[in-house]
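Since the structure comes first, as structure tokens, the remarks are kept for the end.
Bear in mind these aren't lab numbers, they're just calculated from the coordinates by the rules spelled out. Just so it is clear, the model here is predicted, and its values are computed rather than measured. FYI the Cβ positions are ideal-geometry reconstructions off the backbone, even for glycines, and counts take in every protein chain you see.
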Amino acid sequence: MMFTSKLPNVGTTIFTVMSALAAEHKAVNLGQGFPDFPMEPALPELVHRAMLDGWNQYTHTNGYAPLREVLAKKIKLLYQAEVHPETMITITPGGTYAIYSAFTAVLRPGDEVIVFQPCYDSYVPNIELNGATPVFVNLEFPDYRINWEKVKEKITPRTRMIVLNSPHNPTGAVLSAEDIAALRELVAGTDILLLSDEVYEHLVYNGKQHLSMLRYPDLLARAFVCFSFGKVFHCTGWKLGYCVAPPDLMREFRKVHQFNCFSCFSPAQVALTAYFSDPWTYLGLSGFMEQKKIYFGQLMAATAFTPLASHGSYFQCFSYENISKEPAIAFAKRLTTEAGVAAIPVSAFYLDGTDDRVLRFCFAKKEETLEQAVALLQKKFPAH
Ligand code: PMP
Ligand code: GLN
């Protein structure tokens, strides 16, 4: 039987590789991005209540309507945008699925998609599965800013989409007002669409603001904006999220969604509706997580790792240039097996071999976990 892989270059994601290695060597896992502290008990209690109350059948294919209404109110409060819950919001089984569905709804063979490297590892296989071609622009090391002149050079008549991710995984970079101005100028008068991955919208630090595509009517008019409840409420295993898009784009998105998933886990949608109606459930998140980032930074000062700036997300990158000349993947593996701490090599988020000797650490952890990890790092690689 003849069989040709549609994704011949895809192996096992770095998250699975590093988490398995961490488990095998009983290392402290600051690699894969997931919290190790419990979520607020009120939310799982609401899920339990919803199940007991009989919310156990399919909900609407676009998502439980009251949840979409609560989300529309949140979007109005935070981003001053009028987003119609009937026509512009769809609940999805996670942010990754929302991103995949958006690509699938609009990309055709021959289309080009601008992707900034380093990039979250699902984007490129998703684009390629749809027959489109990723066109890479590397962020400027070490602050990982976008060079818009370079973006302009990569635009062709085939450019169909630009993928944005702010706050950015793996670097913690966030879009600035200058970035938004450059983006608006670049796409004005074109048919270029935007895919904006904003799963870390509530995790922004250093006094910065999250500049969502939802704030700018001209950008929202051409955007699929993707979110994840897992990141907001410390329940990454729930795999629930949503996509916001203007009605014409959302109509196409729903054609993909209705025959791929149809509808998502009902009890959690009912629970989230009640939980979300109190804005403090998400307004306090940045402060809560920034404390962890600051604490982790203070601890890491006792090691030979050099911090790079992080303005958002679960992550902070550190250079190990003072420690080793090894490639990041080899160094990350050795750190796991020999020092007992797992991190993610940032080189795994590039497809062109770029390796600036940087590791990504996840600080969305209990203080004890961060202390334990840094004690191990300090023992092996103390500050000079
Ligand atoms: N985008 C980015 C940048 C992420 O870090 C994640 C993390 N998992 C996702 C999308 C996917 O979110 P979800 O787990 O809801 O699919
Ligand atoms: N988003 C998480 C991270 O970046 C992992 C998600 C996954 O394992 N696919 O670490």
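For a test of the definition: using alpha carbon positions, the gyration tensor, and the 1.5 limit on a/c, classify the stretch 265-346 as rounded, prolate or oblate.
On the way: a/c = 3.58, a/b = 2.09, b/c = 1.71.
Since a/c reaches 1.5 and a/b is larger than b/c, the shape of the stretch 265-346 is classed as prolate.
Output ³J(HN,Hα) for the stretch 93-103: one whole-Hz value per residue in order, computed from phi by the Karplus curve 6.51 cos²θ - 1.76 cosθ + 1.60 with θ = phi - 60°, and x for Gly and Pro.
x, x, x, 4, 5, 4, 5, 4, 5, 5, 4
Less than 11 Å Cβ to Cβ from Pro118, Lys/Arg counted +1 and Asp/Glu -1: what total charge do the surrounding residues give?
Numbers: positive: Arg360; negative: Asp121, Asp352, Asp355, Asp356.
Around Pro118, the surrounding residues sum to -3.
For the chain, what is the calculated [θ] at 222 nm in deg cm²/dmol (nearest 500), taking -39500 (n - 2.57) for each run of four or more DSSP H residues and dividing by its residue count? Present the calculation step by step, with values, prior to reporting the outcome.
Working: 16 runs with 150 residues, N = 384.
-11000 deg cm²/dmol, from helical runs alone.
Could you order peptides 54-61, 200-207 by the average number of other Cβ atoms within 10 Å of their residues, highest first?
Numbers: 54-61: 13.2, 200-207: 20.1.
Highest mean packing first, the order is 200-207, 54-61.
Using the Karplus equation 6.51 cos²θ - 1.76 cosθ + 1.60 (θ = phi - 60°), what ³J(HN,Hα) coupling, rounded to whole Hz, does each residue of the stretch 350-355 give in order, writing x for Gly and Pro?
Taking θ as phi minus 60°, the curve returns 10, 9, 10, x, 4, 8 Hz for the stretch 350-355.
If packing is taken as the average count of other Cβ atoms within 10 Å, what order do 288-297, 215-224, 3-12 fall into, highest mean first? It would help to have the intermediate numbers written out before the result.
Numbers: 288-297: 17.6, 215-224: 19.3, 3-12: 8.1.
Put in order of decreasing packing, that is 215-224, 288-297, 3-12.
Please state the shape class of the stretch 114-192: rounded when a/c is under 1.5, otherwise prolate if a/b exceeds b/c and oblate if not, all from the C-alpha gyration tensor.
oblate
Between the alpha-carbon centers of the stretch 294-327 and the stretch 1-45, tell me the distance in whole angstrom.
Each part's Cα centre sits 21 Å from the other's.
Evaluate the charge dipole of the chain about its Cα centre and quote only its size in Debye, nearest 20, assuming +1 on the Cβ of each Lys and Arg and -1 on the Cβ of each Asp and Glu. Write down the numbers at each step before the final one.
On the way: 34 positive and 37 negative charges, 68 e Å.
It comes to approximately 320 debye.
Measure out, as a whole number of angstrom, how far apart the alpha-carbon centroids of the stretch 59-126 and the stretch 176-231 sit.
12
Could you sort out which of Lys325/Lys380; Lys6/Lys255; Lys26/Lys333; Lys26/Lys380 sit more than 19 Å apart by Cα distance in this structure?
Working: Lys325/Lys380 16 Å; Lys6/Lys255 23 Å; Lys26/Lys333 13 Å; Lys26/Lys380 17 Å.
Lys6/Lys255, as the Cα separations exceed 19 Å there.
Order 229-241, 72-84, 127-139 from most to least packed using the mean count of other Cβ atoms within 10 Å.
Working: 229-241: 21.2, 72-84: 16.0, 127-139: 18.0.
Those peptides, ordered most packed to least, come out 229-241, 127-139, 72-84.
Which residues does a label at Asp218 reach in the stretch 139-158, if reach means a backbone N under 11 Å from a point 7 Å past the Cα toward the Cβ?
none
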